[in-house]
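Step one of this worksheet: look at the structure below.
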Amino acid sequence: MESAPVDASAPLDGIRVLDVGSGPVSGIATAVLADFGADVVKVEPPGGERFRALAASPLWLRGKRSAVADLQNADGRGFARELARACDVLVLAGPPSRAAKWKLTPDDLAQLNPRAVHCQITPWGPRGALA
């Protein structure tokens, strides 16, 4: 009995993901997307992500390309927004105020790239006293 040919394509081949987070929170989510074939670009500050020195960081950094952007200045935010224009999925980690500061809120992304999916992982949700 012959086995069926194996389809070498992954379910997320052709999907571009922009990871604008740090540490394991967005890192694990986007690593899983990379595992399934997505092209994941991780935005890191100059000098690299602050959690990169942790022993477990290779777990959540696997399968990604890195782009350096200092989101504390206008040039870096502009570069991240240009990357967002070409992504299918934008993953942010942190409070909604950070996305607003970086001009990467759902409304901002809708203007930059109406077809992209905006995913924000927040510590306490998008609204309320702890948001």
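Can you report the number of residues in region 105-115 which are surrounded by 12 or more Cβ atoms within 10 Å (Cβ to Cβ) and either touching a Cys at 6+ places or on another chain (Cβ under 7 Å) or under 15 Å from residue 16 (Cβ atoms) (or both)?
So the count comes out to 3.
Out of all the residues in region 51-62, is one or more farther than 19 Å from residue 31 by Cα and touching a Gly at 6+ places or on another chain (Cβ under 6 Å)?
So far as region 51-62 goes, no, none of its residues is farther than 19 Å from residue 31 by Cα and touching a Gly at 6+ places or on another chain (Cβ under 6 Å).
What about residue 99, is it open to solvent by less than 20 Å² (accessible area, probe 1.4 Å), under 14 Å from the mean Cα position of the chain (by Cα) and farther than 13 Å from residue 17 by Cα?
yes
So which residues in region 18-34 are assigned to a helix (DSSP H, G or I) and open to solvent by less than 10 Å² (accessible area, probe 1.4 Å), if there are any at all?
26, 27, 30, 31
Restrict the check to region 70-78 and report whether at least one residue is open to solvent by 20 Å² or more (accessible area, probe 1.4 Å), among the aliphatic types (A, V, I, L, M), farther than 15 Å from residue 18 by Cβ and without any contact (Cβ under 8 Å) to a residue 24 or more places away in the chain.
Yes; the residues of region 70-78 include at least one that is open to solvent by 20 Å² or more (accessible area, probe 1.4 Å), among the aliphatic types (A, V, I, L, M), farther than 15 Å from residue 18 by Cβ and without any contact (Cβ under 8 Å) to a residue 24 or more places away in the chain.
Which condition number does residue 55 fail, the rest of (1) among the aliphatic types (A, V, I, L, M); (2) assigned to a helix (DSSP H, G or I); (3) surrounded by fewer than 17 Cβ atoms within 10 Å (Cβ to Cβ) being met?
(2)
The values are calculated or read from the model by the stated rules, or taken from the named source; none is laboratory data. Being a predicted model, the structure only gives us computed values, none of them experimental. Cβ sites come from the backbone with ideal geometry, for glycine too, and all protein chains shown count toward neighbours. Accessible surface areas use protein heavy atoms only, side chains included; no ligands, DNA or RNA. Shrake-Rupley method; radii C 1.70, N 1.55, O 1.52, S 1.80 Å.
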